[in-house]
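Since the structure comes first, as structure tokens, the remarks are kept for the end.
The values are calculated or read from the model by the stated rules, or taken from the named source; none is laboratory data. Source: prediction; values computed, not measured. Cβ placement follows ideal geometry from the backbone for every residue including glycine, while neighbour counts extend to all protein chains displayed.
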Amino acid sequence: MKTTVEISARHIHLTREDFKTLFGCEEPTIRNKLSLDYEYAANETVEVVGPEGRLLDVRVIGPLREKSQFELSMSHARVLGIDPPIKVSGESGGAKIKVVGPVGEILKNIAIVPKRHWHVSTNLAKKLRVKTGQNVAVQIKSKRSTIYYDIVTRVDDDFENHVHLDTDEGNAAGIEKNTSAELII
Ligand SMILES: [Zn+2]
């Protein structure tokens, strides 16, 4: 089964309350739509500060959520000097960071390294007989061909057929635009 592999760069999801604290207004403004078309990259960015360093220009991903969450790679975690857990996006808990916006800041346990995952539509999942939470693998054919195991399946009507890796995983596997990949179920 062919699939598309996309790399998720570090980004932050915010609650309405946290967004207001950081930016002093109600809603982010849309910069561009993402491949999951209910999500968008906002024009707004924040600075994230840890005990040993900081990351500038961290993009806010909209729409606003029930829980704030900062998703980053292990390499960026080293820059900040934090040891975040590997979690599925949306799960609670994380390493403590300070988030700085133009009008305010928050200090919260919200930093995670997102577990690599496969977004698949309900229809395709049914056809392939896979369920949410099931682990699959993906074989990547590139200049640095590799197979990643432990890719967690996420099924939803709004999803299509995309594997999401973080920047460490994507760069290690030599992902480029249109790199071909094969799912192993
Ligand atoms: Zn994703």
Scanning segment 108-138 for residues that are within 20 Å of the chain's Cα centre (by Cα) and either of a type in the set (A, V, I, L, M) or more than 15 Å from the ligand (Cβ to nearest atom) (or both) gives 108, 109, 110, 111, 112, 113, 120, 134, 135, 136, 137, 138
Residue pairs within 6 Å by beta carbon, gap of at least six or interchain, first lying in segment 100-112 and without any contact (Cβ under 8 Å) to a residue 40 or more places away in the chain and of a type in the set (S, T, N, Q), second surrounded by 14 or more Cβ atoms within 10 Å (Cβ to Cβ) and in a loop (DSSP other than H, G, I, E, B), listed first then second, are 109/94
- [ ] Determine if segment 146-169 includes at least one residue that is more than 16 Å from the ligand (Cβ to nearest atom), among the polar types (S, T, N, Q), without any contact (Cβ under 8 Å) to a residue 60 or more places away in the chain and not in a strand (DSSP E or B).
- [x] no
Self-check item: Residue check for residue 75: out of contact with any Phe, Trp or Tyr (no Cβ under 9 Å at 6 or more places or on another chain) and polar (S, T, N, Q)
Solution: yes
Screening 5, 48 for residues that are more than 18 Å from residue 104 (Cβ to Cβ) and crowded, with 21+ Cβ neighbours inside 10 Å leaves only 5
Residues of segment 64-91 being surrounded by fewer than 15 Cβ atoms within 10 Å (Cβ to Cβ) and within 15 Å of the ligand (Cβ to nearest atom), in sequence order, are 86, 88, 90, 91
Residue under question is residue 58, and the condition is that it be β-branched (Val, Ile, Thr), more than 27 Å from residue 136 (Cβ to Cβ) and either assigned by TED's automatic domain parsing to the domain that holds residue 142 or surrounded by 16 or more Cβ atoms within 10 Å (Cβ to Cβ) (or both); does it hold? yes
